[in-house]
Amino acid sequence: MKIKIKLLLIFSYAPIILFGQESNFKEKPIITNHEVKVNEKSIKYSAEAGFQEVFDEKDKAIGALFYTYYKRKDVNKDEERPILISFNGGPGSASVWMHIAYTGPRVLKIDDEGFPIQAYGIEENPYSILDVADIVYVNPINTGYSRGYKDEDGDIKKDKFFGVQEDISYLAKWVSNFISNKNRWLSPKFVIGESYGTTRVSGLAYQLQNAHWMYLNGVILVSPTELGMERNGPVEIANRIPYYTAAAWYHGKLPNQFKNMELEEVLEISEDFAINKLTPLLVRGNSISKDEKSKICQTLEELTGIKARVYLQHNLEVPFTYFWKELLREEGYTIGRLDSRYKGIDEKDAGERPEYNAELSSWLHSFTPAINHYLKNELKIETPAEYLMFGNVSPWDRTKNNSSGKQLRRAMTQNPKLKVLIQAGYFDGATTYFNAKYNMWHIDESGKMQNRFEFKAYKSGHMMYLRREDLKKSNDDLRTFIINAIEEAKASSAKY
């Protein structure tokens, strides 16, 4: 269905021009006005593109973050209008992926399965959540156009930005200032993060409450990381298997008994095997008999498409990298890490890992021209600076408070109305859907907050929204989550 969008292009200020100087980050933002049709209803909105500074503990400006803020115009009371604050991951990734491919009013031009097509660019997003929430996309330091200010020696203060807790701390202060600047303290507030962004927003939920006294309504974790909750040994090895099953199912590598089954049905079998059979056996180590080992390897072959002899050669532990190389080796292809629907080709079929990430190459193929065109031609950003899809954020300090999953649990205990939505793609081999389930089961091991978590999975990969069917489904799930969280907050007092 072809959806028409009307661009009014009314400008409040002159275009932002960046030359890498501190003074240029203090220009007023550009505001453009647009209209988009979402779920058959026309929505007028403003798009504000600009910078807001980052301040240290002495309130000295040490950098500026580039943001894009979409605000629906026909709203009488901002205090009743939700605001969603969006972060991507990396940790050195710009907030581009969800901006122009998931929740925003414009969406990447790709085919229905998410593969690049020319001409590059963007089009209307008929499934955007802008109908129910305003959205701000935030680019951390050294991503997008965001930069740290240089000191007298020409260096930025890396120790203020680049680390698990450093990142959470400065971004929490930035978010608090943004909410104040936009007069949105009374609005229902949600944060969404993808990949490493889930580590970021899990920590932000706690930091915002305990350092800035800002209480959220919801946290959305898209393709979550381990959130600082380690899983090693037998558990980590067994947790790989359901993803292996999903990838093998997609590429037709499972035996006939599974080929005619729905993916979710096959995964139920694989999950049961991983939890109840493989994990206990791996715990026993070299005490298992040869017959037990042979039988378990045969089951692994049936569930993952990898030969039993390969599992025997690896002592039951086939690494992710080897799986990506091995599954389609006989056909001459590798499969993608972040989305195993994608195929790549290596110079040699031999080897233990793919030469490159086929899916990431495909995404950069289409995202990079689209975001640069969109910022310049529709949001009217004029700059000689490079938009950093990925920026240098090393060294990244993981030594302090690298446990954002438990920080999220503490935030939830302090805030009885805080709810969590987890979204994951079955074919994601980097942050697997089954590890996302494991997170949900172990963030709150008491089970007292079990009914405050929701889990949704999709027949896609790390960025599940690239597949057109799942773009609609994931936005619908997010929309429902936001509406329900607000309704439940209004229904009763925040107490136990």
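Things to note:
- Members of the stretch 375-414 found to be crowded, with 18+ Cβ neighbours inside 10 Å, more than 23 Å from the chain's Cα centre (by Cα) and at negative phi, listed by number: LEU379, ILE381
- Members of the stretch 36-52 that are surrounded by fewer than 17 Cβ atoms within 10 Å (Cβ to Cβ), acidic (Asp, Glu) and modelled with pLDDT of 95 or more: none
- Residue within the stretch 53-61 that is assigned by TED's automatic domain parsing to the domain that holds MET464, of a type in the set (Phe, Trp, Tyr) and crowded, with 23+ Cβ neighbours inside 10 Å present: no
- If you check GLU53, GLU113 for being assigned to a strand (DSSP E or B) and of a type in the set (D, E, K, R), only one passes: GLU53.
- Verdict on THR143 being under 17 Å from TYR170 (Cβ atoms) and either of a type outside the set (Phe, Trp, Tyr) or surrounded by fewer than 24 Cβ atoms within 10 Å (Cβ to Cβ) (or both): yes
- Of all residues in the stretch 256-274 being among the polar types (S, T, N, Q) and more than 19 Å from ALA238 (Cα to Cα), the one that is modelled with the lowest pLDDT: ASN260
- Filter pass, ARG284 being in the same structural domain as ILE237 (by TED's automatic domain parsing) and touching a helix residue (DSSP H, G or I) at 6+ places or on another chain (Cβ under 9 Å): yes
- Within the stretch 286-297, being surrounded by 12 or more Cβ atoms within 10 Å (Cβ to Cβ) and either without any contact (Cβ under 8 Å) to a residue 12 or more places away in the chain or not small (Gly, Ala, Ser) (or both) holds for ILE288, GLU292, LYS293, LYS295, ILE296, CYS297.
- One residue alone among GLY461, GLY429 is in the same structural domain as SER169 (by TED's automatic domain parsing), touching a His at 6+ places or on another chain (Cβ under 9 Å) and surrounded by 21 or more Cβ atoms within 10 Å (Cβ to Cβ), and that residue is GLY429.
- In the stretch 338-352, the residues that are in the same structural domain as ARG467 (by TED's automatic domain parsing) form no Cβ pair under 9 Å with any partner that is part of a loop (DSSP other than H, G, I, E, B) and exposed (fewer than 12 other Cβ atoms within 10 Å of the Cβ), whether six or more places apart or across chains.
- Scan of the stretch 163-183 for residues that are farther than 20 Å from PRO395 by Cα and crowded, with 20+ Cβ neighbours inside 10 Å, ordered by number: ALA172, TRP174, VAL175, ILE179
- Pairs where the first residue, in the stretch 182-210, is assigned by TED's automatic domain parsing to the domain that holds VAL164 and the second is charged (D, E, K, R) and in a helix (DSSP H, G or I), C-beta under 7 Å, 6+ apart: ASN183/ASP78; ARG184/ASP78; LEU186/GLU79; SER187/ASP78; SER187/GLU79; GLY193/ARG200; ARG200/ASP167; TYR206/ARG410
- Some residue of the stretch 304-313 being more than 29 Å from the chain's Cα centre (by Cα), surrounded by fewer than 17 Cβ atoms within 10 Å (Cβ to Cβ) and under 15 Å from LEU254 (Cβ atoms): yes
- Per-region count, the stretch 125-151, residues out of contact with any Gly (no Cβ under 7 Å at 6 or more places or on another chain), over 16 Å from ALA94 (Cβ atoms) and modelled with pLDDT of 95 or more: 8
- Candidate set: the stretch 243-285, residues that are basic (Lys, Arg) and exposed (fewer than 13 other Cβ atoms within 10 Å of the Cβ); chosen: the one nearest to LEU327 (Cα to Cα): LYS259
- Any pair with Cβ under 7 angstrom, 6 or more apart, that starts in the stretch 154-178 at a residue that is in contact (Cβ under 8 Å) with a residue 60 or more places away in the chain and farther than 15 Å from ILE62 by Cβ and ends at one that is of a type in the set (Val, Ile, Thr) and buried (at least 19 other Cβ atoms within 10 Å of the Cβ): VAL164/THR199; VAL175/ILE85; PHE178/VAL136
- Picking from residues in the stretch 464-484 that are basic (Lys, Arg) and touching a residue at least 40 places away in the same chain (Cβ under 8 Å), the one that is surrounded by the fewest Cβ atoms within 10 Å (Cβ to Cβ) is LYS472.
- Selection within the stretch 440-483 - touching an Asp or Glu at 6+ places or on another chain (Cβ under 9 Å) and farther than 30 Å from TYR250 by Cα: GLN450, ARG452
- The stretch 256-298, residues that are outside any helix (DSSP H, G or I) and among the hydroxyl-bearing types (Ser, Thr, Tyr): SER289
- Among the candidates PRO82, PRO126, PRO91, residue that is farther than 29 Å from ILE168 by Cα and crowded, with 18+ Cβ neighbours inside 10 Å: PRO126
- ASP444 being of a type outside the set (A, V, I, L, M, F, W, C), more than 14 Å from the chain's Cα centre (by Cα) and assigned by TED's automatic domain parsing to the domain that holds ILE83: yes
The values are calculated or read from the model by the stated rules, or taken from the named source; none is laboratory data. Since the model is a prediction, treat every value here as computed from it, not as a measurement. Glycine gets a Cβ as well: all are built from the backbone with ideal geometry, and neighbour counts include every protein chain shown.
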